1. Would you say residue 105 is under 30 Å from residue 218 (Cβ atoms), modelled with pLDDT of 95 or more and out of contact with any helix residue (DSSP H, G or I) (no Cβ under 6 Å at 6 or more places or on another chain)?
2. Kindly indicate whether any position in segment 450-461 is over 21 Å from residue 541 (Cβ atoms), surrounded by 23 or more Cβ atoms within 10 Å (Cβ to Cβ), in the same structural domain as residue 700 (by TED's automatic domain parsing) and touching a strand residue (DSSP E or B) at 6+ places or on another chain (Cβ under 7 Å).
3. Out of 666, 596, 607, report the one residue that is modelled with pLDDT under 90 and in contact with a helix residue (DSSP H, G or I) (Cβ under 6 Å, 6 or more places away or on another chain).
4. Please count how many residues of segment 710-750 are surrounded by 14 or more Cβ atoms within 10 Å (Cβ to Cβ) and not in a helix (DSSP H, G or I).
5. Quick check: anything in segment 559-569 assigned to a helix (DSSP H, G or I), in contact with a strand residue (DSSP E or B) (Cβ under 9 Å, 6 or more places away or on another chain) and farther than 19 Å from residue 461 by Cβ?
6. With the requirement that a residue be at pLDDT below 95 and out of contact with any helix residue (DSSP H, G or I) (no Cβ under 9 Å at 6 or more places or on another chain), what does segment 36-85 give you?
7. Kindly state which helices (runs of 4 or more DSSP H) lie completely within segment 290-359 and contain at least 2 residues that are modelled with pLDDT of 95 or more, surrounded by 21 or more Cβ atoms within 10 Å (Cβ to Cβ) and in the same structural domain as residue 703 (by TED's automatic domain parsing).
8. All but one of (1) under 25 Å from residue 634 (Cα atoms); (2) part of a helix (DSSP H, G or I); (3) without any contact (Cβ under 8 Å) to a residue 24 or more places away in the chain hold for residue 577; state the number of the condition that does not hold.
């Protein structure tokens, strides 16, 4: 089986794309060399003598653009995919599924599916046969709603059937549409794409993204690439129709996709997922044409077309050369999938899979708006598209709920989050009004999302308490996902629970810090880090408070040293001499809005008042955020930090706070290089050893950005535990049953 191959990066040849755009010649030798360079870029830990052997194997039969497709990529698709001649379905090989998920970050899964069909299915080149047999029998079943296909896992399929689908309890409404579908939407509706790219390409974040990709395209040049892709598709149409007995004139420009005219006369689509089938047909007809006609120029045009698609994919998908939440935000905020994301029907169809049976429950998260009209517009749009989905899928056993997720934003310059606090309160009041009217059944819960580096949990505490008081019963919060120090991540989780008043059945999203192997984390980032001085002192304060309040006797020996460093830190940052009791009391009051402390809150010592005042004043923010260098184990050993992780898990277990675990998202964004260090398996092992672990549920987060769906999340867990951990299939499926049962139990119902 091919795992590491330069062919994985054949759509990443952006130097060649620039050459094509500048009318320069690109040879197959140049393409092969650049694929090897990308292989080296993404495999820095491997020596060239190993990579050279992979290169030699991948290109052993490739000496032209024709053979790149008919030999190299045809064989590459067979390494991962299998074709069932009876059902005519393409599935990912179970033992290759983990590697497949890495591959489709870079290569269009739709193209590889098409290669597999082309390799295995014979058809007669007539319009009648394609329309009546090949297209409905071979293409539509494999591309009906999505190109994110799955392995066929008997035990997982049985569980899916018994449960009438799986529950996806962490899913953002934007960021769902998969890369192949977004590309189709852009080519279909290029005029709407133009203002988006003109607006975004001038932002520093987008420019940085392009530079990281390694291209220097201007906004107009990106638009030209899209127009070029459309032009090439017209050429493909004319080429393929030249070898097919066409008995009628097809006016390709008036259709959804040039190749749509072979099968349908539709001029508009209900869902951009509908276009996948015509794109797949195009690939298959082209591959047959190239092989039969020995047409090197058309093969090279296909390569150019797929490079354009690969470039757009790079703006849409979180690939393994990216790291951390800020890189994720560059993708989520570039608005490239904005138009496609407006069609919620496309999302429901994609998430349901090609057989409409992937999910039973979706918890969809949307950002509450600054006006009631905009809130209602989103809510009613989702409702209307859902009704269309139910009609199309004929599946009335599934359901969805909406969660309003507030957005974390950077600190105010003038005052500590004053502007954000006022904005959050306004939006919360609108939700209460909405919930008290005729829309009570529409919003099931509350969340807070975005970068943890921007806003701490305390800022959201007042609105969480306000919303709970006004009838909302279910709350979750993104915490412990991305952090400076492992202690920072643990603190974020603890402060969320304490400050926001989370109760039994409430949830923490991600919670990576409370499960990640600390040794793996240090191996990834090194033994020294830079951390804001105030964050460092607050981490120590959390450790002191947590050890004291939870009576962690095995860590009592740390307390006196922690007190000294905390008091010293407060002297340096806030220019105040304070007792640890004053500092601790001031910490507990962070959950209050500093502008609205009531009389009961104000009945503390003047020193506590002054700490709160200085903590929220801009003149002390500079010292608080000043970077300092810290040795990871300067204050706690690795074993002591692991004890804190396990004690925080016990704390969550006692309170019945549920963890939302998001495998693909966490591996891509977080400190993991692969599933081998994923915290879910640490929790599994710790539980077997007798440690208390809170309930865990599974979600997909942003399925389009991570090229995933809920079935495939479970398939990843299954394949890793069976093929890498060598556990029995029965033990693994029982663990997955437990996860899914948790989702059934702890989903947010109205």
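The values are calculated or read from the model by the stated rules, or taken from the named source; none is laboratory data. In this text the structure is predicted, and so the values were computed from the model without any measurement. Glycine gets a Cβ as well: all are built from the backbone with ideal geometry, and neighbour counts include every protein chain shown.
1. Working: under 30 Å from residue 218 (Cβ atoms): yes; modelled with pLDDT of 95 or more: yes; out of contact with any helix residue (DSSP H, G or I) (no Cβ under 6 Å at 6 or more places or on another chain): yes.
It is true that residue 105 is under 30 Å from residue 218 (Cβ atoms), modelled with pLDDT of 95 or more and out of contact with any helix residue (DSSP H, G or I) (no Cβ under 6 Å at 6 or more places or on another chain).
2. Our first condition is that a residue be over 21 Å from residue 541 (Cβ atoms); within segment 450-461, this holds for 450-451.
The next check asks that each one be surrounded by 23 or more Cβ atoms within 10 Å (Cβ to Cβ); those that pass are none.
The answer is no, given that none of the residues of segment 450-461 is over 21 Å from residue 541 (Cβ atoms), surrounded by 23 or more Cβ atoms within 10 Å (Cβ to Cβ), in the same structural domain as residue 700 (by TED's automatic domain parsing) and touching a strand residue (DSSP E or B) at 6+ places or on another chain (Cβ under 7 Å).
3. Numbers: 666 fails: modelled with pLDDT under 90; 596 fails: in contact with a helix residue (DSSP H, G or I) (Cβ under 6 Å, 6 or more places away or on another chain).
It is 607.
4. 4
5. Here is the first cut: in segment 559-569, the ones assigned to a helix (DSSP H, G or I) are 559-569.
With the extra rule that they be in contact with a strand residue (DSSP E or B) (Cβ under 9 Å, 6 or more places away or on another chain), the set shrinks to none.
Taking every residue of segment 559-569 in turn, none turns out to be assigned to a helix (DSSP H, G or I), in contact with a strand residue (DSSP E or B) (Cβ under 9 Å, 6 or more places away or on another chain) and farther than 19 Å from residue 461 by Cβ.
6. Within segment 36-85, 44, 45, 47, 49, 50, 53, 56, 57 meet the criteria.
7. On the way: elements: 296-314, 325-332, 338-341, 344-352.
In segment 290-359, the matching helices (runs of 4 or more DSSP H) lie at 344-352.
8. That leaves (2) as the condition not met.
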